[in-house]
Amino acid sequence: MSMISVEASNVSTAWLAVAGRLDREPKRKAIHSVVRISDPVAETPVVRAAMDDLLAAQDLQGVDTVANTIFPAALAVSSRDHAELVRRYVGMYPLLQRRFPQNRRGTYFHRLIQYPGSKGPFDQIGAVISRIRIERDGGNPKQARYETALAVADDAAENVPVYIPGRDNNAMAFPCLSHCSFQLDTEGRVHLLATYRSQYMVQRGYGNYLALGLLLAHVADQTGLQVGHLTVVAGRAYLEPPVMQVRRMLTRFAEMT
């Protein structure tokens, strides 16, 4: 398997580029794919519509449904601040689990804001926001100390986990997203590096990119910074079926990649 490295202007062109590269790989798989998106909150509407059509035709979750497991954008827009977003999401979380069986093991956003730390549920995203504000207001902010490790958590902004040792024992199921790391630059922008152990590009890839961009935008908004770039690293990336439908989509939008 090859390594894939892609730079793209927005979520739509990033997905097309990665899917196209994977389609040329043996068994449509790659080890250590790296995708860098310069404007991770932007999409190309016609590509997004085609993606939703492809997913619907296969009776798969739509882009918004996938994205909402990482970041509930509509709920965030109607919340005054991060604290209210957390309160409302935690309140509705039991309903989300009952209504959507695929959430029975949890959602990424719930893990990010209610990780079971040694002193109780810990809001890792809130801790990142607070740490960035403190550093920003101090006049000489550190550029790389704002992390969420969806792996082993403690009550510190540097470590924001999703994986729970002893509970998440299914090697092929939730959570595949393992780590989020935020960086600041000297131009007032915040960037996000996300790491997946494995990523299915048809079922989840587009929604994952979109959600991570929206999560980055939320952190930027709450800290008074601008949205920077999103980089997504996957230990293994796989372009799964329906292959022919994906290829027709790639042909249709070939000029964009």
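Bear in mind that the values in this text are calculations on the coordinates, not laboratory data. Here the structure is a predicted model, which is why all the values come from computation and not from measurement. Virtual Cβ from ideal backbone geometry, glycine too; neighbours counted across all protein chains shown.
If you check Val219, Val233 for being assigned to a strand (DSSP E or B), within 19 Å of Tyr108 (Cα to Cα), among the aliphatic types (A, V, I, L, M) and within 15 Å of the chain's Cα centre (by Cα), only one passes: Val233. Inclusion of Asp39 among residues that are in contact with a helix residue (DSSP H, G or I) (Cβ under 9 Å, 6 or more places away or on another chain) and not in a helix (DSSP H, G or I) is warranted. With the requirement that a residue be assigned to a helix (DSSP H, G or I) and without any contact (Cβ under 8 Å) to a residue 40 or more places away in the chain, what does the range 56-75 give you? Those that are assigned to a helix (DSSP H, G or I) and without any contact (Cβ under 8 Å) to a residue 40 or more places away in the chain: Ala56, Ala74, Leu75.
Among the residues of the range 7-17, is any of a type in the set (Asp, Glu), surrounded by fewer than 16 Cβ atoms within 10 Å (Cβ to Cβ) and farther than 27 Å from Phe122 by Cβ? There is at least one residue in the range 7-17 that is of a type in the set (Asp, Glu), surrounded by fewer than 16 Cβ atoms within 10 Å (Cβ to Cβ) and farther than 27 Å from Phe122 by Cβ.
Check the range 80-100 and report whether any residue there is under 29 Å from Met249 (Cα atoms) and surrounded by fewer than 14 Cβ atoms within 10 Å (Cβ to Cβ). No, the conditions are met nowhere in the range 80-100. Mind checking whether some residue in the range 113-135 is among the acidic types (Asp, Glu) and surrounded by fewer than 16 Cβ atoms within 10 Å (Cβ to Cβ)? No, that holds for no residue.
Scanning the range 80-115 for residues that are among the polar types (S, T, N, Q) and closer than 16 Å to Ala127 by Cβ yields one hit, Gln114.
For the range 176-206, taking the residues that are in a strand (DSSP E or B) and among the hydrophobic types (A, V, I, L, M, F, W, C), the one that is surrounded by the most Cβ atoms within 10 Å (Cβ to Cβ) is identified as Phe182.
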